[in-house]
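The values are calculated or read from the model by the stated rules, or taken from the named source; none is laboratory data. All values derive from a computational prediction rather than experimental measurement. A quick note on method: Cβ atoms are made from the backbone with ideal geometry, for glycine too, and the neighbour counts reach across all protein chains shown.
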Amino acid sequence: MMVLLALSSHALFAQEAPAALGCGTLQNAYGPFDYRTDKGRLGIVEKFHFGPGQETLSNKVGLGGNIDYTLRAFPNHHRALMSMMKLGFLERTSKPKGADYTIKCYMVRAEAFRPDDAMVKVIHGLYLIQSGAAQEAVAKLEQARELDSYNANVHYNLGLAYFDLKKYELALESAHVAYAQGFPLRGLRDKLKRAGKWRDPVAGRAGLVAPNLPSAPAEIVPEFESPDKGTPESASES
């Protein structure tokens, strides 16, 4: 009974939280489905609405609307969240053309739908970094670390946020963890080197890599810079 009550409470929160923030409800004609587990329902959506052209933003026909459709069917679709974020920065707006919601709303909806999805919090954190909100990004990425402390994506992007706050020792520690787990992007290391803050990890230091886990992350959050690293909101208001 307690488990059922907990599940129903989460379902109620998932429906009400986005609406309270002006981000609509999660009710949808198709879905909503969990990107991580409902793989059998994913193909039909990606075939018509989120192919390579939409993911890379190269197919401009109905682009925002197609990504929006994907995120209404799969609110925590990691790659679609990344593409919507990039589209917002590309168009210099908080609400890309054809989208029903702001980029912030898509992040809110994804987190409300599946609060246990660490990758959603990583992507939200990356959005905050690119928007110049490093302090908020740290808080979001620390939440992700609590959910999945052995996710190299978490540590890498947390390191970027720490770096923006000039917390170089924490950034270095996060970098060491991410690279020890096989994270391939060099951006954080390069930033620390340019700032004169990089040091190689001490050989044999314990606690950097979880035992019996793959060394490389299963899903890489791509590294990118927004056109002016300003918020889409501020760009749309100018």
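Checking the condition surrounded by 14 or more Cβ atoms within 10 Å (Cβ to Cβ), over 30 Å from residue 92 (Cβ atoms), modelled with pLDDT of 95 or more and small (Gly, Ala, Ser), which residue from 152, 144, 175, 171 passes?
Working: 152 fails: modelled with pLDDT of 95 or more; 144 fails: over 30 Å from residue 92 (Cβ atoms); 171 fails: over 30 Å from residue 92 (Cβ atoms).
Matching residue, one of 152, 144, 175, 171: 175.
Could you check the range 39-64 and list, in sequence order, the residues that are among the small types (Gly, Ala, Ser) and surrounded by 12 or more Cβ atoms within 10 Å (Cβ to Cβ)? Walk me through it before giving the result.
Quick first cut of the range 39-64, residues among the small types (Gly, Ala, Ser) only: 40, 43, 51, 53, 58, 62, 64.
Matches in the range 39-64: 51, 53, 62, 64.
Across the range 107-120, which residue is surrounded by the fewest Cβ atoms within 10 Å (Cβ to Cβ) among those that are assigned to a helix (DSSP H, G or I) and without any contact (Cβ under 8 Å) to a residue 60 or more places away in the chain?
118
In this structure, does residue 103 turn out to be among the β-branched types (Val, Ile, Thr), touching a residue at least 24 places away in the same chain (Cβ under 8 Å) and in contact with a Gly (Cβ under 7 Å, 6 or more places away or on another chain)? Outline the logic, then answer.
Numbers: among the β-branched types (Val, Ile, Thr): yes; touching a residue at least 24 places away in the same chain (Cβ under 8 Å): yes; in contact with a Gly (Cβ under 7 Å, 6 or more places away or on another chain): yes.
Answer is yes for this residue.
Give the residue, chosen from 42, 57, that is of a type in the set (A, V, I, L, M) and on the phi < 0 side of the Ramachandran plot. Even if it seems obvious, please write down each step before you answer.
On the way: 57 fails: on the phi < 0 side of the Ramachandran plot.
The unique qualifying residue is 42.
On the basis of being modelled with pLDDT under 95, hydrophobic (A, V, I, L, M, F, W, C), more than 24 Å from residue 153 (Cβ to Cβ) and crowded, with 18+ Cβ neighbours inside 10 Å, does residue 17 make the cut?
yes
Tell me, which residue of the range 166-205 that is outside any loop (DSSP other than H, G, I, E, B) and in contact with a His (Cβ under 8 Å, 6 or more places away or on another chain) is nearest to residue 153 (Cα to Cα)?
Here is the first cut: in the range 166-205, the residues outside any loop (DSSP other than H, G, I, E, B) are 168-180, 187-194.
Subsequent filtering for residues that are in contact with a His (Cβ under 8 Å, 6 or more places away or on another chain) retains 174-175, 177-178.
Numbers: 174: 10, 175: 10, 177: 10, 178: 7 Å.
Applying the filter and picking the extreme gives 178.
Starting from residues that are among the charged types (D, E, K, R) and closer than 14 Å to residue 98 by Cα, keep the ones in the range 49-73 and report whichever is farthest from the chain's Cα centre (by Cα).
Step one: of the range 49-73, the residues among the charged types (D, E, K, R) are 55, 60, 68, 72.
After this cut, where a residue has to be closer than 14 Å to residue 98 by Cα as well, the list is 60, 68, 72.
Details: 60: 23, 68: 16, 72: 16 Å.
Only one residue fits best here, namely 60.
Are there any pairs with C-beta distances below 7 angstrom linking a residue in the range 25-43 that is touching a residue at least 12 places away in the same chain (Cβ under 8 Å) to a residue that is outside any helix (DSSP H, G or I) and of a type in the set (Asp, Glu), with the two at least 6 apart or on different chains, and if so which?
Listed pairs, sorted by first residue: 36/117.
Could you check the range 73-105 and list, in sequence order, the residues that are among the hydroxyl-bearing types (Ser, Thr, Tyr) and within 19 Å of residue 19 (Cβ to Cβ)?
Narrowing the range 73-105 to residues among the hydroxyl-bearing types (Ser, Thr, Tyr): 83, 93-94, 101-102.
If the condition is that a residue be among the hydroxyl-bearing types (Ser, Thr, Tyr) and within 19 Å of residue 19 (Cβ to Cβ), then 94, 101, 102 are the ones that fit.
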